[in-house]
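The values are calculated or read from the model by the stated rules, or taken from the named source; none is laboratory data. What you see is a predicted model; the values in this text were computed from it and never measured. For neighbour counting, all protein chains shown are included, and Cβ atoms are generated from backbone atoms with ideal geometry for every residue, glycine included.
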Amino acid sequence: MLGINWQDILLHVFNFALLAILLNELLYNPINKFIENREAYYKNLEIEKLKNLEDSKALLQERTQKLAIIQQEAKEIKDKAIRESQIQANLKIENAQAEGEKIIEQSRIKAKLERDTLIRNTRKDLKEVVVEAAAKLALLNGNVYDDFLDHTEEDIDE
């Protein structure tokens, strides 16, 4: 034959099978396991990324709604403060007007009292002047004096 012994063929088949088994166990399986683990890792990253994206969108929507609510509340508070300040301002204006009217009324009363006092004093002084003038005229003429006094008393009594 060709010089190939069946034992050599069997030995080569056995060596090849052993080499295939060892290569499978030492190289192929660890590399395959590494690749599967890597694929699983990247799939988990993708799933986590999508989950985070959904969470972010939900959080963004929630925060946007809260922001809108807070802005509405701020507007309401501002409007309320403006209304209250307008009410306070109107109240102060009304109080100032009432106080001004009170002061004006007191001034009128005081002016009237002063006027009445001045008129009374003026009448009193006028009476004294008239009496003095009448007395001087009486010294000049007795009958004229009596007539003057009669007319003066009538005017004063009226």
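Note on the stretch 136-158: residues that are of a type in the set (A, V, I, L, M), at pLDDT 70 or above and surrounded by 12 or more Cβ atoms within 10 Å (Cβ to Cβ) total 1.
Kindly indicate whether any position in the stretch 35-51 is without any contact (Cβ under 8 Å) to a residue 40 or more places away in the chain, over 60 Å from the mean Cα position of the chain (by Cα) and part of a helix (DSSP H, G or I).
Checked against the condition, which is being without any contact (Cβ under 8 Å) to a residue 40 or more places away in the chain, over 60 Å from the mean Cα position of the chain (by Cα) and part of a helix (DSSP H, G or I), the stretch 35-51 yields at least one hit.
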